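What follows is a short report on a single structure.
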Amino acid sequence: MGTLRRGALTRRRVGLRAADLEYAVLDVETTGLDPRTGARVVEVGVVRVRGDGTPVEEFSTLVDPRTEVRGREFHGIGDGDTVGAPTSAQLAAKLAELLSGAVVVGHNLDFEERFLASEFAPLGLPRGQSGLCTLRTLRSQVDLARYSLARASYDLSGDWPTGQHTALGDARACARLLVELLANAPGALHYTGPPPKDLTPALPSGSGAPVRWKPRTGAAPQGMGPVRPWRPAWRAVELDPLMCGGVFGARERAAAQSAAHRDKRLRAGLATAAAVTGGLAATAVGGLIVRMAGGRGGLTGRTG
């Protein structure tokens, strides 16, 4: 079983109504791109939000990677910033609490999942929580030139997100993108993944000295703010999210669009066949009822 059990958002009436769920939007800043080459987490940000836009909780802290902090040109974190910050081991129980009972969301969730698996799963973070990637979801539902978190936010709402390349700033931007996606959709969106799991009993906080978190981003003064209307860019036919990961250039877009139209034609054909079959069955049943009624009438006439 993977660290997360992925789901997707669809306009079809299958799965769970997305607006009724709670989400834990996660972002991590790291010393590199791949934990297999020694990259470690140096900051974690989580925004808990309900599908209707109601904020629940925000959390962020720097993390002591117990190694040299690289990548400062991207995230702005240096070696001195992580002094006194908690380690991954001290953060694992809090992270389980933050992800418990929610769909875990990330913009390019593959990245966050790699670090959950490498750093926090070995420390006891339970596997198998529900997951949702907003990058794949946007590519599936909305037609844009570019899909980075910042660019998509600007192209859809007209505003650039603040706090870019801080864990909490990016988690806030992703949470806003998710809430606005649900609010602006042409119809109710449904989540096709498994229901969220309660993770807290599996990883108790334990005893000992309380952990001191070390956030570098202050609380939002006005919360998430009002949901903004999006510029219309919804796809006529939604794409398969499985085809919307990784590189998404012209070739990949064309392949995903072609597959989506084939799937639409197939579903339309199946619906037509079901309607025809249902009509024939109804006609046959109607004829049988008429014959049975006639038989009963004849019998009554002979005995009357």
Task: On Cα atoms only, tilt of 250-303 relative to the major axis of the chain in degrees - done: 30 degrees
- [ ] Give, rounded to the nearest 20 debye, the magnitude of the charge dipole that the chain has about its Cα centre when Lys and Arg contribute +1 at Cβ and Asp and Glu contribute -1 at Cβ.
- [x] 1640 debye
Task: Shape call, region 87-133: gyration tensor on alpha carbons, a/c limit 1.5 - done: oblate
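For the chain, what is the relative contact order in percent, using Cα pairs closer than 8 Å and at least 6 residues apart in sequence?
In percent, rounded to a whole number, it is 24.
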Open item on the list: Can you compute the label reach from A259? Point 7 Å from Cα along the Cβ direction, backbone N cut-off under 19 Å, restricted to region 123-139.
Closed with: 132-139
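Once the cut-off is 37 Å, how many percent of the Cα-Cα pairs in the chain end up in the long-distance tail? Walk me through the numbers on the way to the answer.
Numbers: 12384 of 46056 pairs.
Counting pairs separated by more than 37 Å, the tail of P(r) holds 27 percent.
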Open item on the list: With a 10 Å cut-off between alpha carbons and a GNM built on the chain, which of A89, A260, A268 moves the most?
Closed with: A268
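I'd like to compare 162-173, 21-32, 178-189: which one has the highest average count of other Cβ atoms within 10 Å, and what's the full order after that?
Details: 162-173: 21.7, 21-32: 23.9, 178-189: 17.8.
Those peptides, ordered most packed to least, come out 21-32, 162-173, 178-189.
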TODO: Please sort 55-67, 234-246 by packing, taking for each peptide the average over its residues of neighbouring beta carbons within 10 angstrom, highest first.
DONE: 55-67, 234-246
Task: region 1-97 - percent relative contact order, Cα under 8 Å, separation 6 or more - done: 20 percent
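Multiplying the sequence separation of A89 and R127 by 0.36 nm and subtracting their Cα-Cα distance, what value in nm do you get?
Details: separation 38, 0.36 × 38 = 13.68 nm, distance 1.62 nm.
Full-extension gain reported as 12.1 nm.
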Open item on the list: Compute the angle between helix 167-184 and the longest alpha-carbon principal axis of the chain, please, reported from 0 to 90 degrees and rounded to the nearest 10.
Closed with: 20 degrees
Open item on the list: Helix 88-99 against the longest principal axis of the chain: what's the angle in degrees, Cα atoms only, rounded to the nearest 10?
Closed with: 30 degrees
Open item on the list: Take R13 and R267, extend 7 Å from each Cα along the Cα→Cβ direction, and tell me the distance between the two endpoints in nm.
Closed with: 1.3 nm
Task: Gaussian network model of the chain, springs between alpha carbon atoms under 10 Å - residue of V211, V42, V105 with greatest fluctuation - done: V211
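For region 1-75, what is the accessible area per residue in Å² when the probe is 1.4 Å? Can you show the working numbers first?
Numbers: 3720 Å² over 75 residues.
Accessible surface, normalised per residue, equals 50 Å².
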TODO: Over the alpha-carbon set of region 1-133, work out the extent along each principal axis and list the three values in angstrom, largest first.
DONE: 50, 29, 28
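Once R0 is set to 35 Å, what does the formula 1/(1 + (r/R0)^6) return for the Cβ-Cβ distance between T200 and D159, expressed as a FRET efficiency to the nearest 0.05? Show your work: numbers first, answer last.
On the way: r = 36 Å, r/R0 = 1.02.
Here the calculated transfer efficiency is 0.50.
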Open item on the list: Given a 1.4 Å probe and heavy atoms of the protein chains only, how would you sort F111, F120, largest accessible area at the top?
Closed with: F111, F120
- [ ] May I ask you to list the lysines whose Cα is less than 21 Å away from that of K197, ignoring any residue fewer than eight positions away on the same chain?
- [x] K94
- [ ] Please name whichever of P196, P210, T277 sits farthest to the positive end of the charge dipole of the chain, dipole taken about the Cα centre and charges placed at Cβ: Lys and Arg +1, Asp and Glu -1.
- [x] T277
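The values are calculated or read from the model by the stated rules, or taken from the named source; none is laboratory data. Note that the structure is a prediction, hence the values are computed from the model and not measured. Here the Cβ is made from the backbone with ideal geometry for all residues, glycine too, and neighbour counts use every protein chain on show. Calculation scope for accessible area: heavy atoms of the full protein, side chains included, ligands and nucleic acids excluded. Shrake-Rupley method; radii C 1.70, N 1.55, O 1.52, S 1.80 Å.
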